[in-house]
Amino acid sequence: MNGLTHKVALVTGAANGIGFAIAQRLYDEGANVVLADWNEEQLATAIEAFDSTRVAAQVIDVSDPKKVKAMIDNAVSRFGKLDILVNNAGIHIPGSVLESSVEDWKKISAVNIDGVVYCSKFALPELLKTQGTIVNTASVSGLGGDWGAAFYCASKGAVVNLTRAMALDHGAAGVRINAVCPSLVKTNMTNGWSQEIRDKFNERIALGRAAEPSEIAAAVAFLASDDASFINGVNLPVDGGATAS
Ligand code: NAD
């Protein structure tokens with residue numbers, strides 16, 4: 001794979017799970033990386049894993065547009081430019097529409113949809129300067145429905161189509177925009193899920209197991225690299241075959 005030396009990446013939701021693995025992989029490929037997360041304590045622990053001047057930590061709630069704008073400005077003043085935005089921060093709240101509350105919808109749409117919109121909106125002027133790229137962490141739950149998480153599915157469906165629309169709008173200017181769509185991944189988000197829900201996921205995964213966060217990070221690093229120079233507007237399932245049938 002073409003390395004990412006001299007690239008500057010910003011990864012949201014980077015204190016844990018998939019986002020942390022993405023930050024590690026981009027860093028290992030040579031990028032300067034801003035790790036952004038709203039959990040200050042966990043972010044401070046995450047940053048300790050990096051022994052370098054090539055990383056920075058940014059406490060951020062991605063659903064706050066003013067703070068998101070300031071985050072992008074901070075990243076550019078710290079490292080001089082922005083080449084890669086990874087919109088990865090997300091939350092999951094279980095429940096059907098009937099079971100879930102209006103407050104649940106406000107919370108989930110604020111992080112999973114508004115957060116991706118705001119980060120993309122304020123990063124794009126910088127990405128246009130560098131002919132950079134965006135990789136979103138969507139989900140197989142955005143490609144088709146899933147059980148017991150209607151609001152989450154709706155939010156990831158929005159990310160899937162936002163990915164396509166942004167790719168169409170900004171491709172001509174040289175900015176590629178793609179997403180990864182994981183199935184079940186071993187992270188804090190899924191640790192607490194019931195066995196019933198896990199079984200339903202695992203039955204659909206041809207490889208018969210959940211993914212490691214590093215397996216999602218590898219796909220993100222590829223999409224962010226010049227090796228993916230003609231891949232644009234794609235929502236790539238990284239799902240062990242869950243969507244193959
Ligand atoms: P995780 O809970 O381990 O990590 C999510 C991180 O996002 C946390 O560090 C959290 O503090 C941060 N975060 C949440 N809301 C935020 C906000 N408003 N502002 C900034 N940071 C915020 O979860 P994960 O499994 O690593 O999930 C990462 C992404 O992958 C999410 O978008 C999730 O929807 C998606 N995803 C996960 C799975 C899975 O099975 N784990 C499957 C498909 C997609």
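Things to note:
- Relative packing of peptides 28-35, 125-132, 158-165, 176-183 - highest average C-beta neighbours within 10 Å first: 176-183, 28-35, 158-165, 125-132
- Taking the charge dipole of region 12-97 about its Cα centre, with +1 at Lys and Arg Cβ atoms and -1 at Asp and Glu Cβ atoms, the residue from VAL86, VAL76, VAL59 reaching farthest to the positive side is VAL76.
- Dipole check for the chain: with +1 at the C-beta of Lys and Arg, -1 at the C-beta of Asp and Glu, and the Cα centre as origin, the magnitude is about 520 Debye.
- Helix-only [θ]222 nm of the chain, DSSP H runs n ≥ 4, -39500 (n - 2.57) each, per residue, nearest 500: -13500 deg cm²/dmol
- Ranked by the mean number of other Cβ atoms within 10 Å of their residues, highest first, the peptides 80-88, 186-194, 207-215 fall in the order 80-88, 207-215, 186-194.
- Cross-link pairs exceeding 23 Å in C-alpha to C-alpha distance, out of LYS67/LYS106; LYS106/LYS129; LYS7/LYS121; LYS7/LYS66, comprise LYS106/LYS129; LYS7/LYS66.
- For region 61-199, a crude dipole built from +1 on the beta carbon of Lys and Arg and -1 on the beta carbon of Asp and Glu, taken about the Cα centre, is about 520 debye to the nearest 20.
- For the pair region 33-75 and region 190-218, the centres of their Cα atoms are 28 angstrom apart.
- Dmax and Rg, reported as Rg then Dmax, of the chain (C-alpha, Å): 16.8, 49
- Restricting region 115-189 to chymotrypsin sites (Phe, Trp or Tyr not before Pro) in coil, as DSSP defines it, with at most 15 other Cβ within 10 Å: TRP147
- Simple rule: put +1 on each Lys or Arg Cβ and -1 on each Asp or Glu Cβ in the chain, find the dipole, and look at ALA36, ALA158, ALA123; the Cα lying farthest toward the positive end is ALA123.
Read the figures in this text as sums done on the coordinates, not as results from a lab. On a predicted model such as this, the values are computed, not experimentally measured, just so you know. Cβ: placed from backbone, ideal geometry, glycine included. Neighbour counts: every protein chain shown.
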